[in-house]
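Nothing in this text is a laboratory measurement; each read-out follows from the coordinates by a stated rule. Remember, it's a predicted structure, so these values are computed and weren't measured experimentally. We place every Cβ from the backbone using ideal geometry, glycine too, and count neighbours over all the protein chains shown.
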Amino acid sequence: MRELRKPVSAGLAGLVFVVLAACGGGSGTGSGGIACVNGSASNKAYLVVEHESGATVQRCIGFSGAQLAGDELLKESGVKYSTQHFSFGDAVCSIDGEPKTFDTCLPQGAPYWGLWTESKGGAWQQAQVGFTALKLGPGDAMGWRYTPQTEKNPSPPPAPKR
């Protein structure tokens with residue numbers, strides 16, 4: 001079985017997020033919003049992870065510049081994840097401990113992590129590129145939903161809390 005790996009920067013980003021959330025630091029985004037890691041940055045992008053059980057994890061990441069790469073958003077979020085490289089690019093095998101272990105990334109007939117994008121509060125769209133090729137602008141969101149293989153018309157994750 002494969003053991004899940006944690007990106008090097010994820011531990012620090014997670015610690016920063018916990019400190020900001022606990023201290024009320026960062027930039028809250030109004031009622032119901034979440035504090036952002038790097039909250040003083042001029043731009044914000046969002047991450048939404050929905051597990052098969054329906055439980056969700058949401059993060060906000062502040063960034064400078066015009067865009068934030070999808071893999072950087074995931075790394076900076078502090079959410080633990082595991083990938084495997086294929087000829088088409090990197091695939092996400094596990095996010096936030098689901099599945100706990102795996103022998104094969106993207107096994108036939110098993111649930112998979114479906115990738116979604118949302119542009120500045122618009123409707124979720126299934127991603128047309130892998131997460132390492134995504135470029136998020138200010139207010140954009142990247143969403144992951146652990147999707148049963150039998151679901152013919154996959155549903156997107158819930159909207160991010162802004």
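Pull up all non-local amide H partners of Lys80: gap of 5 or more, or a different chain, and H-to-H distance under 5 Å with H placed in the peptide plane.
Residues meeting the criterion, in which the H sits 1.01 Å from N, are Asp96.
Which order results if Val37, Val79 are arranged by neighbouring Cβ count within 10 Å, fewest first?
Ordered from fewest to most neighbouring Cβ atoms within 10 Å, Val37, Val79 come out as Val79, Val37.
For region 84-162 and region 46-62, what is the centre-to-centre distance using only Cα atoms, to the nearest Å?
11 Å
Within 10 Å, count the other beta carbons around each residue, average over each peptide in 108-118, 45-55, 81-91, and list them highest first.
Peptide ranking by packing, descending: 45-55, 108-118, 81-91.
In terms of modelled amide H atoms, which long-range or inter-chain residues lie less than 5 Å from the amide H of Thr147?
Tyr112, Trp113, Gly114
So what is the diffusion coefficient of region 40-162 in µm² per second by Stokes-Einstein at 4 °C and 1.567 mPa s, using a Kirkwood Rh over Cα pairs?
This corresponds to a translational diffusion coefficient of 89 µm²/s.
Could you pull out every one of the lysines with an alpha carbon less than 23 Å from that of Lys75, ignoring same-chain neighbours closer than 8 positions?
Within the straight-line cut-off, Lys75 pairs with Lys6, Lys44, Lys100, Lys120, Lys135, Lys161.
When the Karplus curve 6.51 cos²θ - 1.76 cosθ + 1.60 is applied with θ = phi - 60°, which whole-Hz ³J(HN,Hα) does each residue of region 102-118 get, with x for Gly and Pro?
The phi angles translate into 7, 9, 9, 7, 6, x, 4, x, 10, x, 9, 8, x, 9, 10, 10, 9 Hz.
In a shell of Cβ-Cβ distance under 9 Å around His51, excluding His51 itself, what net charge do Lys and Arg (+1) and Asp and Glu (-1) give?
-3
Ala55 to Gln108: extension gain in nm, 0.36 nm per residue of separation minus the Cα-Cα distance?
Using 0.36 nm per residue and subtracting the Cα-Cα distance, I get 16.7 nm.
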